[in-house]
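Before any comments, here is the structure.
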Amino acid sequence: MDAIQSILVYTVVLGSLYLLIALGFSLICGVLGIFNLGYGATFLVAIYGMWMLLSTIGVNLWVAIIGVFILQFLFTLGIIYFPIVKRYMEKEELLLTSLLLVSLIVEETVNHFYPVTAGVDIPTAIFSHTLQLGSVSIPAQMLIVIIAAVLITAFFVYFLMKTRIGFKIRAISQQLEASRLLGVRVERVYALAMILSVVPPTICMLIIAPIWAIEPNMGHSLLQTAILVTILGGLGNLRGTVMASFIVGLIASSVAFLGNPRLVGMSILLVVFFVMIFKPQGIAKSETLW
Amino acid sequence: MSLLTIENVTKRFGGLTAVDNVSMEIKEGEIVGLIGPNGAGKTTLMNLIAGTFNPEEGKIVFDGHDITKLEPFQVCRRGVSRTYQIPRPFPDMTALMNVGVGVLCGKKRPNMSLVDGMLDASHCLEFVGLFGKRNILARDLSLFELRALELARALATTPRLILIDEVMAGLNQAEGRVAIRLIEKIIEEFHVTILWIEHVMKIIMEATQRVVVLHYGEIISSGLPGEIANDPQVIEAYLGEKIA
């Protein structure tokens, strides 16, 4: 009984977390049709950008939060989109290698200025106590992850389904060539999608920074999570990504509470692997973004 | 007055010269047929006009403006629209939304709401006879309906020149007749200029006012439909294929 309670709670908590981690990656996959391997660096820019603003420059928390978003937008447009993605859109191997290189450079830079031993303390905790849900206790801060996941997903869906720009984004994701010829400014919409894609990971990092193990190489595992959830969800379909996040959350919590916590990573990898072999289109039914 | 002027345009793909030093002119209101054997460069020429490709050499002028190096969306907003031989709909959007993309993006309309866009789109759908199918996803439409949808989308951008790439391919005779009637109706109602690629010679002979023949990327003949049908060079290019 306790195990079932734990699994339920953690499925929701982890599912929301995975969703926040994967949402931006999935959007870029669905709209631009590329794997943004620079996405791992987004998490580092969020955490260490925040830390730089707070500790090295010494601004207050609210200025730092605004600052980190500006930093993130500059990074994604000025380093990821215009110099690399836009230029190498049609040359996949150059695109992927350059993106990978950039994320490694970011990691090395972070490691140079803020090595693991330096310690990072970002005071964005709204709750610092733990919460008792039946037999399960979780950090209360995790509730904010759940709320953020719901709100951001709702915003994304609203934006895609109800606004003009969202309409263009969907058109591009379904038929690039025809969109161009019907007058859609594709490059501009791409740039906007890139900006949108860094919002969920930035918010996610701000929320979990106080309760997470922060280190300069954390981008790898977060990128891996984003890739796995996106593949499982059908390469860019948001509905699929939402479902996939909670499926992965369910696998992780089930394996952790019923089996061996050390097999969590392996079991997620295996499930995604078999989905790729037997149902390469992922779990989503349609090709649309939603 | 000349609406579209193509001057010495050349496009190469690696060692292949797809369009070779082509010059032609289309006057406002003209219906011009573009024919030639497979691989003659007809579709490439259309892609050059629409801005999908940029030519290596030459110049393309539309309505007095040089559009040679413009992006497709800019060419579209100047008033050039095209349809595809193999329809390229937005598969997971309804017919109405497919046309809505053309309405909202085909011209600068920053203040038009999605709802107003869809209203305009429904008029275009009605014109091509697809109003009853407005809420059907494009992936569920028949080939004939997709062709009509392509025309509606083209109209939605309020074009002055429509590039039509094979309306007839894959349609049966009855559907073909309806498609031709539809294009005639578009010409009558909107006074658009048309450059029309078609393999069915009968249509070219009946529906167009002038025909340009491409062969290996070069224009080998140009003139009235009746003259073209009897041009020995054209007959040779088609190598025994019966024309007219």
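The values are calculated or read from the model by the stated rules, or taken from the named source; none is laboratory data. Computed from a prediction, not measured in an experiment: that's the story for all the values here. Here the Cβ positions follow ideal geometry from the backbone for every residue, glycine too, while neighbour counts run over all protein chains shown. These accessible areas exclude ligands, DNA and RNA; they are computed on the full protein's heavy atoms, side chains included. Shrake-Rupley method; radii C 1.70, N 1.55, O 1.52, S 1.80 Å.
May I ask you to list the GluC sites (Glu not before Pro) in region B:1-67 that are in a DSSP loop and have at most 16 other Cβ atoms within 10 Å of their Cβ?
Filter output for region B:1-67: B:GLU28, B:GLU56.
Within a 10 angstrom radius of each residue's Cβ in A:182-191, how many Cβ atoms of other chains show up on average? Whole number is fine.
6
Using label points projected 7 Å from each Cα along Cα→Cβ, tell me how many nm separate A:ILE79 and B:ARG109, to one decimal.
Each label point is offset 7 Å from its Cα along the Cβ direction, giving 4.1 nm.
With label points built 7 Å along Cα→Cβ from the Cα atoms of A:GLU215 and B:THR10, find their separation and express it in nm.
6.1
Can you give the FRET efficiency to the nearest 0.05 for A:PHE159 and A:GLU108, using r as the Cβ-Cβ distance and R₀ = 35 Å? It would help to have the intermediate numbers written out before the result.
Details: r = 35 Å, r/R0 = 1.00.
Taking R0 as 35 Å, the efficiency between A:PHE159 and A:GLU108 is 0.50.
Straight distance only, please: which lysines reach the Cα of B:LYS133 with their own Cα at less than 26 Å, same-chain residues fewer than 8 apart left out?
The qualifying lysines are A:LYS162, A:LYS168, A:LYS285, B:LYS107, B:LYS185.
Simple spin-label model, 7 Å along Cα-to-Cβ: A:GLN5 to A:ASN60 in nm?
Inter-label distance under the simple model: 4.2 nm.
Please identify the longest segment of chain A free of exposed trypsin sites (Lys or Arg not before Pro), where exposed means a DSSP state other than H, G, I, E or B and no more than 16 other Cβ atoms within 10 Å.
The longest such stretch corresponds to A:92-284.
If you take the accessible area of B alone, add that of A alone, and subtract the area of the pair, what total do you get in Å², probe 1.4 Å, to the nearest 100?
Buried: approximately 2300 Å² between A and B.
If the reach is capped at under 23 angstrom between alpha carbons, list the lysines near B:LYS11, excluding any in the same chain fewer than eight residues apart.
Counting by Cα, and skipping residues close in sequence, B:LYS11 has these lysines nearby: A:LYS91, B:LYS42, B:LYS59, B:LYS69.
Restricting attention to the alpha-carbon atoms of region B:1-155, what are Rg (one decimal) and Dmax (integer), both in Å?
Using the Cα atoms of region B:1-155, the pair Rg, Dmax is 17.1, 49 Å.
Provide the FRET efficiency to the nearest 0.05 for the A:ASN260-B:ARG181 pair, computing r from the beta carbons and using R0 = 60 Å. Don't jump to the answer; show the numbers that get you there.
Numbers: r = 71 Å, r/R0 = 1.18.
It comes to 0.25.
Report the GluC sites (Glu not before Pro) located in region B:170-244 that are in a DSSP loop and have at most 11 other Cβ atoms inside 10 Å of their Cβ, or state none.
Those satisfying the criteria are B:GLU241.
What does the structure give for B:105-114 when I average, per residue, the other chain Cβ atoms found within 10 Å of the residue Cβ?
Mean shielding by partner chains, rounded to a whole number: 3.
Averaged per residue, what accessible area in Å² does region B:91-157 show with a 1.4 Å probe, protein chains only?
39
Per residue of the protein assembly as shown, what 222 nm ellipticity follows from adding -39500 (n - 2.57) for every DSSP H run with n ≥ 4, rounded to the nearest 500?
-17000 deg cm²/dmol, from helical runs alone.
Could you give the length gained by full extension between B:LEU143 and B:VAL61, i.e. 0.36 nm per residue of separation minus their alpha carbon distance, to one decimal place?
Values: separation 82, 0.36 × 82 = 29.52 nm, distance 3.34 nm.
Full-extension gain reported as 26.2 nm.
Averaged over its residues, how many other protein chain Cβ atoms are within 10 Å of peptide B:156-163's Cβ atoms?
The shielding value for this peptide is 1.
What net charge do the residues around A:ASN217 carry, taking every other residue with its C-beta under 15 Å from that of A:ASN217, with Lys and Arg at +1 and Asp and Glu at -1?
Charge balance near A:ASN217 sits at -3.
Tally Lys and Arg at +1 and Asp and Glu at -1 over the other residues with C-beta under 11 Å from the C-beta of B:GLU56: what net charge comes out? Write down the numbers at each step before the final one.
Numbers: positive: B:LYS11, B:ARG12; negative: B:ASP20, B:GLU57.
Every neighbour counted, the sum reads 0.
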